[in-house]
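The values are calculated or read from the model by the stated rules, or taken from the named source; none is laboratory data. Treat the numbers as computed from the prediction; the structure is a model and nothing was measured. Backbone-built Cβ (ideal geometry, glycine too); neighbour counts: all protein chains shown.
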Amino acid sequence: MPFNLTTGDLWPTAVALLCPAVALMALAPLSQLGNRSIVRWVNEETLQKLHRISAAWWLLVTAVALLLFSVASRELHDQHPAMALLAALLIGLLATLLVLLTRIDAQCRLLPDPLTGLLAATGLIAHGLGLPPQAVSLADGVAGCAAGYGLLWLIAAIFQKLKGRQTMGRGDFAMSAGLGAWLGWQSIALVWLIASLSGLAAAGLRYLCLRLVYQNDSTRNFQPGTFLKQQIAFGPALAFGGIITWIHLG
């Protein structure tokens with residue numbers, strides 16, 4: 001293992017497995033928490049879809065937890081066992097929150113406040129305890145939280161003023177704040193850059209796929225203008241940007 005704790009050879013493996021275990025145990029309860037907070041804005045059919053978590057999401061949260069912890073484990077070398085346990089717990093929650101925010105935003109274009117708030121809180125707790133990423137201090141996390149919300153809101157407000165339409169919602173600002181709390185103010189611009197590029201790539205791929213579908217169906221008429229006006233979920237792109245930035249910091 002990348003870190004070497006002194007309580008035995010099995011200890012690093014146990015800690016590494018704890019992280020995805022926490023992520024898996026938290027997935028259903030946190031999903032219910034998020035669903036309850038948005039019930040007034042979604043129809044019954046969408047809510048039923050959100051309640052059913054397919055195997056793919058369980059596999060994804062496991063993979064994300066293992067990836068995040070494998071990067072963070074490099075900073076846990078010779079740390080006290082309690083710190084490694086806390087890191088596994090918080091990183092497992094981080095993985096669950098990123099996956100759930102991706103899932104909910106992709107399905108109903110909403111980012112629940114309890115989940116974005118918990119994302120920010122866990123990041124600040126991690127830095128308060130000196131846990132990975134250790135390049136980010138508690139002050140950096142607080143500044144990142146403020147910058148993640150305030151600056152993204154300002155950018156969206158300017159764009160809305162110029163174009164006359166809203167491109168992002170309050171949930172996007174809150175999720176950006178949560179990522180800023182984890183990754184620090186120094187990294188929030190990188191998160192936005194990666195999120196923007198990946199979001200554009202995903203939208204472009206979807207556009208091409210739709211064109212192919214409509215070309216093969218003579219009864220339907222593809223309208224590019226209508227496609228461009230559709231609301232695109234930014235939460236999945238933010239989650240992807242956060243994961244790539246986490247790897248970069250590690």
Problem set entry | Flag if Leu50 is more than 17 Å from Gly242 (Cα to Cα) and surrounded by 16 or more Cβ atoms within 10 Å (Cβ to Cβ) | yes
Problem set entry | Neighbours by Cβ (under 6 Å, 6+ apart or cross-chain): first from the stretch 173-196, more than 15 Å from Leu94 (Cβ to Cβ); second of a type in the set (Ser, Thr, Tyr) and modelled with pLDDT of 95 or more | Phe173/Tyr149; Ala174/Thr116; Leu190/Thr245
Problem set entry | Only listed residue being surrounded by 16 or more Cβ atoms within 10 Å (Cβ to Cβ), in contact with a helix residue (DSSP H, G or I) (Cβ under 9 Å, 6 or more places away or on another chain), without any contact (Cβ under 8 Å) to a residue 40 or more places away in the chain and within 19 Å of Ile243 (Cβ to Cβ), chosen from Leu60, Leu111, Leu90, Leu119 | Leu60
Problem set entry | Filtered residues of the stretch 185-213 (kept if part of a loop (DSSP other than H, G, I, E, B) and touching a His at 6+ places or on another chain (Cβ under 8 Å)) | Ser187
Exercise. Given the structure, is Gly242 modelled with pLDDT of 95 or more, under 22 Å from Leu111 (Cα atoms) and in contact with a Cys (Cβ under 9 Å, 6 or more places away or on another chain)?
Worked result: no
Exercise. Would you say Pro81 is under 20 Å from Ala181 (Cα atoms) and in contact with a Leu (Cβ under 9 Å, 6 or more places away or on another chain)?
Worked result: no
Problem set entry | Top-ranked residue of the stretch 1-31 - restricted to ones that are outside any helix (DSSP H, G or I) and closer than 15 Å to Leu66 by Cβ, ranked as modelled with the lowest pLDDT | Met1
For this session: Name the single residue, out of those in the stretch 34-57 being out of contact with any helix residue (DSSP H, G or I) (no Cβ under 8 Å at 6 or more places or on another chain) and of a type in the set (Gly, Ala, Ser), that is nearest to Pro133 (Cα to Cα).
Result: Ala56
Seminar exercise, completed: Over the stretch 129-148, the set of residues at pLDDT 95 or above and either within 20 Å of Ala88 (Cα to Cα) or surrounded by fewer than 23 Cβ atoms within 10 Å (Cβ to Cβ) (or both) is Leu138, Ala139, Asp140, Gly141, Val142, Ala143, Ala146, Ala147
For this session: Given the conditions (1) under 21 Å from Ala202 (Cβ atoms); (2) out of contact with any Gly (no Cβ under 9 Å at 6 or more places or on another chain); (3) not small (Gly, Ala, Ser), report the number of the one that Leu100 does not fulfil.
Result: (2)
